[in-house]
């Protein structure tokens, strides 16, 4: 469905799109958001909360009298979307699965009447980073393991925004061939067998940290041998919107450090 670009009372159930609306200069139109909508911190602090992305209070959403609710197919439950629609609320369900989708989504949001002087630089930065990443030619693509959870280990799989981001940044996702689910469950011996040359540990949704680096560094994998296990801001991996430009640049730099044209075999 095509959303209402003239919506003036928006409830956002998608943290990255909440940030996008504020970054584009449309924060005054956001009347409700989830507990996980934490950016931009100062601006969202005073906006009414409606609960989590997976368990929003639908009664609270309805009390806010939105003319549009923004949801995401992956982050929000279909039954909540259905109930809101049954109550007569317009719900726009987004589902970007590639960086190109995310760029187009940001551009679409900016077209909702965002102030040009605020929105144009935001969109231009993301478009520029996307164009630069797409034009980059990588003779070597390091094998990348990027988990999103532990106990059990869950990895970024194919058909996800994160997978496309890693690919665009010049990496080879070691679990892209696991088609049984979008975020496949993997065992430690499978991680070893995959021989990742770089491991990226985002701090959300699972808060990977130093202890996890130490655990993986003890495995016989090239990433451990070469000291290429990195903790990073989890929003770079999973939040599309104004952060996409920085994510492309930062992750690209981790996968392809300046002056490092080859990766040692491990």
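Read-outs throughout are calculated quantities, based only on the coordinates presented, and are distinct from any laboratory measurement. The model shown is predicted, which means the values in this text are computed figures rather than measured ones. Here the Cβ positions follow ideal geometry from the backbone for every residue, glycine too, while neighbour counts run over all protein chains shown.
Expressed in nm to one decimal, what extension gain is obtained for the pair residue 231 and residue 55 from 0.36 nm per residue of sequence separation less their Cα-Cα distance?
Gain in length upon complete extension: 60.5 nm.
For the chain, what is the calculated [θ] at 222 nm in deg cm²/dmol (nearest 500), taking -39500 (n - 2.57) for each run of four or more DSSP H residues and dividing by its residue count?
Computed ellipticity for the chain at 222 nm equals -11000 deg cm²/dmol.
Dimensions of the stretch 68-183 along principal axes (Cα, Å, largest first)?
50, 40, 19
What order do you get for 240, 95, 206 when you list them from fewest to most C-beta neighbours inside 10 Å?
So the residues, fewest neighbours to most, are 95, 206, 240.
Which translational diffusion coefficient, to the nearest whole µm²/s, is obtained for the stretch 8-132 from the Stokes-Einstein equation, given a Kirkwood hydrodynamic radius over C-alpha pairs, 4 °C and 1.567 mPa s?
Once the numbers are plugged in, D ends up at 88 µm²/s.
Gaussian network model of the chain, Cα springs within a sub-10 Å range: biggest mean-square fluctuation belongs to which of 79, 246, 182?
Most flexible of the set in this elastic network: 79.
Starting from the Cα gyration tensor of the stretch 137-255, take the square roots of the eigenvalues, sort them a ≥ b ≥ c, and report rounded, prolate or oblate (rounded when a/c is under 1.5, otherwise prolate if a/b is larger than b/c, else oblate). Write out the running numbers ahead of the final one.
Working: a/c = 1.28, a/b = 1.23, b/c = 1.04.
It is rounded, given that a/c, with a ≥ b ≥ c, falls under 1.5.
Could you tell me what percent of the DSSP beta bridges with both partners in the chain are antiparallel, to the nearest 5? Don't jump to the answer; show the numbers that get you there.
Working: 5 of 24 bridges.
Percentage antiparallel, nearest 5: 20.
For 249, 151, 228, what ranking results if the residue with the fewest other Cβ atoms within 10 Å of its Cβ goes first?
With the fewest neighbours first, 249, 151, 228 line up as 151, 249, 228.
Please work out, to two decimal places, the log10 of the ratio I(q)/I(0) at q = 0.17 Å⁻¹ from a Debye calculation in which every Cα of the stretch 156-215 carries one identical scatterer.
-0.63
In whole Å, what is the distance between the alpha-carbon centres of the stretch 1-50 and the stretch 160-217?
30
Mind sorting 233, 164 by how few other Cβ atoms lie within 10 Å of their own Cβ, fewest first?
Numbers: 233 15, 164 20.
So the residues, fewest neighbours to most, are 233, 164.
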